[in-house]
1. Are there GluC sites (Glu not before Pro) in the range B:26-63 that DSSP puts in a loop and that have at most 16 other Cβ atoms within 10 Å, and which ones?
2. Please work out the ratio of the alpha-carbon Rg of the range B:1-45 to 2.2 N^0.38 Å and round it to two decimals.
3. Hey, got the average number of other protein chain Cβ atoms within 10 angstrom for residues in B:20-27?
4. Based on other C-beta atoms within 10 Å, arrange B:78, A:2 from fewest to most.
5. Which whole number gives the average, over all residues in A:61-74, of C-beta atoms from other chains lying within 10 Å of the residue C-beta?
6. Sort B:49, B:5 so that the residue with the fewest other Cβ atoms within 10 Å of its own Cβ comes first and the one with the most comes last.
7. Would you mind ranking B:23, B:48 so that the residue whose beta carbon has the fewest other beta carbons within 10 Å leads the list?
8. Rounding to the nearest 20 debye, state how big the charge dipole of the range A:4-76 is about its Cα centre with +1 on each Lys and Arg Cβ and -1 on each Asp and Glu Cβ.
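Every number here is computed from the coordinates shown, using simple stated rules; none is lab data. Fair warning: this is a prediction, and the values are worked out from it, not measured in the lab. Here the Cβ positions follow ideal geometry from the backbone for every residue, glycine too, while neighbour counts run over all protein chains shown.
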2 protein chains.
Amino acid sequence: MTDKLQQSFKALADPSRREILLHLSKQDMTIKEVSEHFDMTRAAVKKHLTILQQGNLISIEKSGRERINSLKPEGLKTVTNWMAYFDSFWDQKLNNLQQAMTNYTQEKDQIKK
Amino acid sequence: MTDKLQQSFKALADPSRREILLHLSKQDMTIKEVSEHFDMTRAAVKKHLTILQQGNLISIEKSGRERINSLKPEGLKTVTNWMAYFDSFWDQKLNNLQQAMTNYTQEKDQIKK
DNA sequence: TTGACAAGATACCAAAAGGTATCATATATT
DNA sequence: AATATATGATACCTTTTGGTATCTTGTCAA
């Protein structure tokens with residue numbers, strides 16, 4: 001089994017799956033209910049739901065003959081954490097930009113003298 | 001051409017490509033330099049770099065006979081923005097949890113009376 | 001208990017993804 | 001000018017992915 005991070009990223013890489021997450025953000029739904037929002041078979045939707053579950057983005061719990069799918073934060077948190085590594089990088093980029101602008105300003109001042 | 005969001009998510013969905021981003025966060029690199037960090041052909045690495053570029057995660061600029069690959073914020077910002085939609089959802093979840101705890105506390109208080 | 005109905009399980013298929021090998025082109029270097 | 005080097009461009013191969021069709025199982029309801 002590949003690691004959690006990979007499964008979360010993989011789960012998010014498909015537009016149908018991201019759309020499912022949007023639907024589930026409004027209300028929990030059975031597999032059939034999710035399917036009704038898409039132009040594909042229930043079996044295909046179920047596959048997507050399984051992948052979302054493996055990516056820790058939803059939980060699926062049994063209730064009678066139904067399966068209730070509901071959103072779950074863990075997966076998104078995992079990818080957010082990974083992306084946070086780059087925060088300092090972007091900051092650095094912004095600092096460089098600001099530095100460049102400062103230099104430019106000073107240069108102009110010197111010309112004025 | 002699929003939309004920007006999809007291309008960014010797609011680009012991030014491969015572990016090699018995420019690793020490339022980590023390398024580029026330390027320094028800009030030519031295609032050959034990136035390749036040296038991986039156990040695959042230069043051609044394969046180039047494909048990954050192209051996909052990263054399409055996902056707005058890096059920029060590739062020509063310099064003589066070389067191509068300098070450097071990190072670029074736009075792509076990550078795009079996915080961050082998408083994920084931000086769910087912030088309120090997680091807040092809601094936390095509120096529900098807090099509400100449940102409050103009720104529980106009140107219940108205990110009533111029992112005490 | 002006997003149909004409906006929701007979901008599980010497989011088998012199968014076409015397209016996309018990740019990779020290699022190979023040849024061509026552009027730019028340095030001597 | 002001739003050679004080495006960095007990259008571009010294709011063709012090709014295997015595995016994964018997204019999807020369907022079909023059959024079985026579990027559960028609700030009359």
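1. Numbers: sites: B:33, B:36, B:61; in loops: B:36.
Sparse-neighbourhood loop GluC sites (Glu not before Pro): B:36.
2. Details: Rg = 11.7 Å, N = 45, 2.2 N^0.38 = 9.3 Å.
That works out to 1.25 for the range B:1-45.
3. Working: counts 0, 5, 3, 0, 1, 6, 1, 0.
Mean shielding count: 2.
4. Details: B:78 20, A:2 10.
Taking fewest neighbouring Cβ atoms as first place, the list is A:2, B:78.
5. On the way: counts 0, 0, 0, 0, 0, 0, 0, 0, 0, 1, 5, 2, 5, 0.
Mean number of neighbouring Cβ atoms from other chains: 1.
6. On the way: B:49 22, B:5 17.
So the residues, fewest neighbours to most, are B:5, B:49.
7. Working: B:23 17, B:48 21.
Fewest-to-most Cβ neighbours within 10 Å comes out as B:23, B:48.
8. Working: 13 positive and 9 negative charges, 48 e Å.
Around 240 debye, computed over the range A:4-76.
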